Amino acid sequence: MLENAENSRFQLQQEKEAEDESQRKGTVYDDVFRTMIDKMPHLIIPLINQVFSKQYPDLESVTALQNEHLEVMEGKVITDSYLKIADKYYHVECQSNPDGTMAIRMIEYDFLIALKHAEKAGYEYTIDYPHSCVLYLRYTDHTPDFLVVHMKFPNGVMVDYQTPIIKVGQYGLEEIFRKRLFFFLPYYIMRYEAVLQEIEENEEKLQNLLEEYRHIYQELGVLRDQYQISDYDFTELKQLIEAVISHLASGKVRIQKGIRDMGGKVLEFEHDILMRQSEEKGEARELVKNVESIMRTLKLSLEKACEVMETTVGDYMEAKLLILDQEKI
């Protein structure tokens, strides 16, 4: 029995070391996560509100504390996000692949964070654990909703330490935009990971996928036009979306090209279109006014007046129609 316990501890240690090595190397998913935390920490607020039933406003200040406030332990440091919002601390991890050590690592990290902010009163201390959760980018039907560690104290008291698991793929586009969970958008493609080859080879399924990404870009564009997200947020999210697609759909040329080309095309949104139409209308009015002025002043035919203006009768007629069409609107 003792030998079994030792073997279990040895196996757990091996799993932890393998996971630590994986964390040190990092993945595109980790890079995308940390980019959002570092460059757009405000995007985490709706996620915190969703998971922990908070009501922080979108403009609430977020301090990304990361690792600089934590001690090095056993040659490694805590990764992913360690945040302060208002007077509360939060710890969010991102897992691309479920593993058997995450529950232990979460309580280990959370304990370090709690110790960092321990409050002393006489000979007594109070430690306040952070709110923590784990984003699971991949999961199965057997993945639980919580990571659980049964903590048994010497006095016989047992406490279950539970960490919520957020299964990113369970959130559809309507819910993502309604709840402003833009943090999930770069990982949206992962719900199709098992069928990407099929999508690549099937025109109908490819078009359905492209339509979803067209919707994503259009919705982000509307939010940008309404100043609900910044131009920087829009551009950065688009790049992160394409980074994950480039990695996950490596070799899937039609998928990558379709989404990349679409991303370029949809940069023109409603206010861009209106501005362009206004410019076109102004140019059309100027052309028609000049041609007709020459016709009246020099008593020239339309063809001759167009020659003087170095344009064609066809261009003049198109400009005239454009003015008439827009005056009807």
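Please work out if Tyr125 is at pLDDT 90 or above, part of a strand (DSSP E or B) and farther than 21 Å from Leu181 by Cα. Yes: the conditions hold for Tyr125. Identify the residue in segment 128-138 that is in a loop (DSSP other than H, G, I, E, B) and within 22 Å of the chain's Cα centre (by Cα) and, among all such residues, is surrounded by the most Cβ atoms within 10 Å (Cβ to Cβ). By that ranking, first place goes to Leu137.
Listed by first and then second residue, the pairs linking a residue in segment 282-298 that is in contact (Cβ under 8 Å) with a residue 40 or more places away in the chain to a residue that is open to solvent by less than 40 Å² (accessible area, probe 1.4 Å), with Cβ atoms under 9 Å apart and 6 or more places separating them unless they lie on different chains, form an empty list. Summed over segment 165-183, the residues that are within 22 Å of Ser132 (Cα to Cα) and either among the aliphatic types (A, V, I, L, M) or surrounded by fewer than 10 Cβ atoms within 10 Å (Cβ to Cβ) (or both) give a count of 5. All conditions in (1) outside any strand (DSSP E or B); (2) crowded, with 17+ Cβ neighbours inside 10 Å; (3) among the small types (Gly, Ala, Ser) hold for Gly100, with the sole exception of (2). Going by the conditions given, is Val77 at pLDDT 90 or above and either more than 24 Å from Ile241 (Cα to Cα) or open to solvent by less than 40 Å² (accessible area, probe 1.4 Å) (or both)? No, not satisfied. Just so you know, in segment 139-164 the residues that are open to solvent by 50 Å² or more (accessible area, probe 1.4 Å) and touching a residue at least 40 places away in the same chain (Cβ under 8 Å) include one that is nearest to Leu83 (Cα to Cα), and it is Val148. Within segment 44-59, residues that are under 18 Å from Phe184 (Cα atoms) and among the charged types (D, E, K, R) have Cβ atoms under 7 Å from residues that are surrounded by 12 or more Cβ atoms within 10 Å (Cβ to Cβ) and at pLDDT 95 or above in these pairs: Asp58/Ile45, counting only partners at least 6 apart in sequence or on another chain.
The values are calculated or read from the model by the stated rules, or taken from the named source; none is laboratory data. If you're wondering where the values come from, they're calculated on a predicted model, not measured in any experiment. Because the Cβ atoms are built from the backbone with ideal geometry, glycine has one as well, and the counts that use them run over all protein chains shown. Keep in mind that these areas ignore ligands, DNA and RNA; they rest on the heavy atoms of the full protein, side chains included. Shrake-Rupley method; radii C 1.70, N 1.55, O 1.52, S 1.80 Å.
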